[in-house]
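I have placed the structure first, in the form of structure tokens, so that the comments after it can refer back to it.
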């Protein structure tokens, strides 16, 4: 009976993970690469690990991706954030770069989050852009919201500026006689192609 209670407690308590590519060999290492490139590395490695689970975007002060790994009734939420920083290298020069931070929690004891951060770190090392820094501070992202995604163009999902909103505004411009029927049709087709 005591064993069953202990097992139940461990399952309910869950597991948690926190790993980063920042702390290495007793120091701090950032990757001086383009913002789109580090997001692509992170996303591609996540796709390779998470099987068929959906990958969601984290968009806020820190950006990245998240997913929920499941097995039966067990689950594990994984959050992979790409953090922009500026640091001072060992020669005293300022270096702008990024590191990746992985966090997770849940009741599903899986090795996939650890495998994921290890694969990301391996790809970052292969890029040859790693720089050890003596100090660092978090900075802002290079691109505005939507522009760091894998798409070449920003998506049209900004509140108040969705494709549907723009179609309605376009129709209003046509109805008011501000644009011609031909102009309306050309712009309308452009917007529909974005869907």
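On the stretch given as the stretch 121-139, residues that are out of contact with any strand residue (DSSP E or B) (no Cβ under 8 Å at 6 or more places or on another chain) and exposed (fewer than 14 other Cβ atoms within 10 Å of the Cβ) total 3.
Could you tell me which of the residues 92, 104 is outside any strand (DSSP E or B) and at pLDDT 90 or above? Step by step, each of 92, 104 is checked, and only 92 is outside any strand (DSSP E or B) and at pLDDT 90 or above.
Taking the criterion of being closer than 10 Å to residue 45 by Cα and in contact with a strand residue (DSSP E or B) (Cβ under 8 Å, 6 or more places away or on another chain), the residues of the stretch 107-120 that qualify are 116, 117, 120. Here residue 130 passes the criteria (1) touching a helix residue (DSSP H, G or I) at 6+ places or on another chain (Cβ under 7 Å); (2) at pLDDT 80 or above; (3) not assigned by TED's automatic domain parsing to the domain that holds residue 28 except the one numbered (3). Note on the stretch 18-34: among residues that are over 13 Å from residue 83 (Cβ atoms) and over 17 Å from the mean Cα position of the chain (by Cα), the one that is modelled with the highest pLDDT is 32. Restricting attention to the stretch 165-195 and to residues that are in contact with a helix residue (DSSP H, G or I) (Cβ under 9 Å, 6 or more places away or on another chain) and at pLDDT below 75, the residue that is surrounded by the most Cβ atoms within 10 Å (Cβ to Cβ) turns out to be 194.
Inclusion of residue 110 among residues that are exposed (fewer than 15 other Cβ atoms within 10 Å of the Cβ), over 21 Å from residue 39 (Cβ atoms), assigned by TED's automatic domain parsing to the domain that holds residue 20 and at pLDDT below 95 is not warranted. If you filter the stretch 52-70 down to residues that are modelled with pLDDT under 90 and in contact with a helix residue (DSSP H, G or I) (Cβ under 9 Å, 6 or more places away or on another chain), you find that the one that is surrounded by the fewest Cβ atoms within 10 Å (Cβ to Cβ) is 55. In the stretch 76-98, the residues that are free of Cβ contacts under 8 Å to residues at least 12 places away in the same chain reach residues that are surrounded by fewer than 18 Cβ atoms within 10 Å (Cβ to Cβ) with C-beta atoms within less than 8 angstrom, at least six apart or across chains, in these pairs: 94/86; 94/88.
The values are calculated or read from the model by the stated rules, or taken from the named source; none is laboratory data. On a predicted model such as this, the values are computed, not experimentally measured, just so you know. With ideal geometry, Cβ positions are generated from the backbone for all residues, glycine too; neighbour counts draw on all protein chains shown.
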